[in-house]
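Got a structure for you, questions after.
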Amino acid sequence: MGSDVSSLIKELSDKETRILEEIYKAGGEIMLRDIWRVMGIKSKAGMPFINKLEKRGLLTKENVGSGKRVMYKVRLTELGMAVARELMEAGSLMKVLTYDLLTKIPCFYCPYIDICGTTDEITPEKCEYLNKWIYEMIRREGAQ
């Protein structure tokens, strides 16, 4: 299932990803109207995404309305839960990595930040701290 999950994730649009994450956060099932409310979109715009996810086997849609009132509940399938879990974990990891990366940029701690780039002596291109940090990032990325 691992490679299935990875290949499915690559095929998902941003809206499909967000829908899966919202259903996952709601415990695996949610009323469609609640998805539209959280995402700030109309059902007419969102239904094509729901239908694609259902066709891929990631969720099921169930009519829970009565009479003239049509209401749907969507539920993640086992595969949908695995994909959503992977998306949530990847998103959390990315937030940690981004925060870690940004907090280590030497410019944020530089006493010359206010005049950087305004003279020929103090520029990002000539900064030994920034260049060392960039070199370290490239070296680290190449090691992975």
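The values are calculated or read from the model by the stated rules, or taken from the named source; none is laboratory data. In this text, all values refer to a predicted model and were calculated from it rather than measured experimentally. Don't worry about glycine lacking a Cβ; one is built from the backbone with ideal geometry, like all the others, and counts go over all protein chains shown.
Out of everything in segment 65-104 that is among the polar types (S, T, N, Q) and modelled with pLDDT of 70 or more, what residue ends up being farthest from the chain's Cα centre (by Cα)?
The selected residue is Ser66.
Given the options Lys52, Lys15, Lys44, name the one that is in a helix (DSSP H, G or I) and loosely packed, with under 12 Cβ neighbours inside 10 Å.
None of the others qualify; the one that does is Lys44.
Another one. Could you list, ordered by first residue, the pairs with Cβ atoms under 8 Å in which the first is in segment 112-124 and farther than 22 Å from Tyr135 by Cα and the second is assigned to a loop (DSSP other than H, G, I, E, B), at least 6 apart or interchain?
Ile115/Ile122
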